[in-house]
Amino acid sequence: MYKICMVGTGYVGLVSGACFADFGNTVICVDKDAGKVERLKNGEIPFYEIGLDEIVARNLKEGRLSFTTDLASAVKKCEVIFIAVGTPYGKGGEADLSYVWAAAREIAQNMNGYRLIVQKSTVPVGTGAKIRDLVAKTLKKKTAFDVASNPEFLREGSAISDFMRPDRVVIGTSSQRGEDMLAGIYAPLYLNETPMVRTNVETAELIKYAANAFLATKISFINEMANLCEIVGADVKVVARGMGLDNRIGGKFLHAGAGYGGSCFPKDTSALATFSRKVGYPLRIVKATIDVNDGQRQRILDKIRRAVGPMKGKTVGVLGLSFKPNTDDVRDSVALDLIKALLRAGARIRAFDPVAMDNARAALPASVVFAEDVWETLDGADCLILATEWNEFRRLDMAKAKRMMKRPVVIDCKNVYDPKAMADMGFVHVGVGRGIPLDKQKRTDG
Ligand code: NAD
């Protein structure tokens, strides 16, 4: 069993730390946000992730998991230190690594013996080598250490099962000692025969960006097909199904919509595009993926304007604020972008989300009205935007919705509802790539 320090207790750090504790290790989770640490000490989870509360409570009780703001003392007690801090958008679209450097510097200042420093945050190739240099330069007393890369692939909303039953674990190391330790930490997963990809640090760093960029590319690809479908009268859902049934392609990440958002894909594609340009090989496919994604949000706004007419004074109901269902994360959420653009155009916004209201409130202008439920959201609305496909929005009583709305306009960003059934009910249903070109649809602005 290992003594592990997890620096950063966000979506990745807290889940990883709690799961490592559940494997039987002793884990100290460190965060510089004192409020967050206080809540965690009381067993309160600072964000929404199904099943995480149970694992945290169990391991707190067993004494395997603890929380602190004191990185210095955690570094002194632990042989393995994971860095799981944020790597948000930086200047010019590259990854902002300032939190990584700050963590690495503080780790180095407090090392009192061999340490394995594991980079879990998503970082550009070469970051591991730079951490190695920074630590070597900062060390107070010469001490052996290793730097490894162990990128994380968990998805918010299914983070626990993704961590406990991953498709693979990537271990990037530059020494046998580091490799053995990291493989030892993940040894409990051998029972499930989890594939381990053992490689060097640089390759591990690139695997994470390559995987995210590829998934983002699948989304942008199907969105372009959807846009083509709207011109030629084809249905992208059926196109995606017909494609996805081919085992070489697979149906996942082939859902047309308003484009990808969230805490990873937008910043990671941007960082990869910027990084590749800097090293002299600009990745054209990644650049195209980003361009298509940006265009997709604009297309949805154009569709709304077309279906509703001038936005000034119109009331728009928005269902779903998190960037995807089963999370309260609103970072780079498409819903928030649409709301901000519609507010600028003079619309009044009423919005509802099952769990992301607090985060959305903090990120949106005060003029947004947060509704109690679905029905308050769409009461008297000129238009309803279905932005996130939470289960509870998938089978709404549309007859009731039609009675309550001022105008029967539904902008279905996630293609949840059947266009024909909606049209038969008298709705103007605007989906993404669903066969009925917008210029053939009824307008509602007279
Ligand atoms: P997050 O913003 O939720 O959490 C980061 C935490 O680190 C915050 O609580 C912050 O206070 C803390 N922190 C920052 N600097 C610190 C320091 N010096 N000492 C102690 N704590 C510090 O971020 P996240 O979503 O967990 O993402 C972390 C990394 O993992 C990012 O690189 C991200 O790209 C990557 N990642 C995220 C996901 C995901 O679904 N969120 C999935 C895979 C990989």
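When the chain is treated as a Gaussian network with alpha carbon springs shorter than 10 Å, the biggest mean-square fluctuation among Q296, Q109, Q119 belongs to Q109. Give the lysines whose C-alpha is closer than 20 Å to that of K314, dropping any in the same chain fewer than 8 places away, or say none. The reachable lysines, counting only those whose Cα sits under 20 Å from K314, are K303, K340, K402, K406, K442.
Within a straight-line Cα-Cα reach of under 19 Å, K36 can be paired with the following lysines, leaving aside sequence neighbours fewer than 8 residues apart in one chain: K61. Semi-axes of the equivalent ellipsoid for segment 332-424, computed as √(5λ) from the eigenvalues of its C-alpha gyration tensor and ordered from largest down, come to 22, 14, 13 Å. All C-alpha pair distances within the chain, sorted into 10 Å bins from zero, spread as 4, 20, 27, 23, 15, 8, 2, 0 percent across the bins.
The eigenvalues of the Cα gyration tensor, multiplied by 5 and square-rooted, give segment 228-446 an equivalent ellipsoid with semi-axes of 28, 22, 16 Å from largest to smallest. If you bin all the Cα-Cα distances of segment 311-380 at 10 Å, starting from zero, the percentages per bin are 23, 58, 19, 0.
Based on the Cβ-Cβ distance from D246 to T143, what FRET efficiency comes out when R0 is 56 Å, to the nearest 0.05?
Values: r = 53 Å, r/R0 = 0.95.
It comes out at approximately 0.60.
Could you tell me the ratio Rg/Rh of segment 41-155? Both radii from Cα atoms, Rh via Kirkwood.
Numbers: Rg = 15.7 Å, Rh = 15.7 Å.
That ratio is 1.00, to two decimals.
Measuring nothing but protein heavy atoms, the accessible surface of segment 3-199 at 1.4 Å probe radius is 49 percent carbon and sulfur. Using Cα-Cα distances under 8 Å and only pairs 6 or more residues apart, what relative contact order does the chain have, in percent? Computed over the chain, the figure is 12 percent. Using a probe of 1.4 angstrom and keeping all protein chains present, the accessible surface of the chain works out to 44 square angstrom per residue.
A DSSP coil position with no more than 16 other Cβ atoms inside 10 Å describes the following GluC sites (Glu not before Pro) in segment 29-120: E44, E62, E79. Here the accessible area is traced with a 1.4 Å probe on the protein chains. For segment 228-446, carbon and sulfur cover 53 percent of it.
Viscosity 1.306 mPa s, temperature 10 °C: what is the translational diffusion coefficient of segment 76-137 from Stokes-Einstein with a Kirkwood Rh over Cα pairs, rounded to a whole number of µm²/s? Could the numbers behind the result be given before it?
Details: Rh = 12.1 Å.
Estimated via Stokes-Einstein, D reaches 131 µm²/s.
With the convex hull drawn over the C-alpha atoms of segment 3-199, the volume per residue is 115 Å³. Between helix 201-232 and the chain there is an angle of about 10 degrees, using the helix long axis and the longest principal axis of the Cα atoms.
Of the cross-linked pairs K91/K140; K3/K140; K237/K400, which ones have a Cα-Cα span greater than 30 Å in the structure shown? Walk me through the numbers on the way to the answer.
Working: K91/K140 32 Å; K3/K140 22 Å; K237/K400 26 Å.
Exceeds cut-off: K91/K140.
By the Cβ distance rule of under 4.7 Å, the chain has these cysteines without a partner: C19, C29, C229, C264, C383, C413.
Distance between the modelled labels on E44 and E372, one decimal in nanometres: 2.5 nm (7 Å Cα→Cβ projection).
The values are calculated or read from the model by the stated rules, or taken from the named source; none is laboratory data. It should be emphasised that the depicted structure is a prediction, and the values quoted were computed from it without experimental measurement. Please note: Cβ atoms are built from the backbone with ideal geometry, for glycine as well, and neighbour counts cover all protein chains shown. Calculation scope for accessible area: heavy atoms of the full protein, side chains included, ligands and nucleic acids excluded. Shrake-Rupley method; radii C 1.70, N 1.55, O 1.52, S 1.80 Å.
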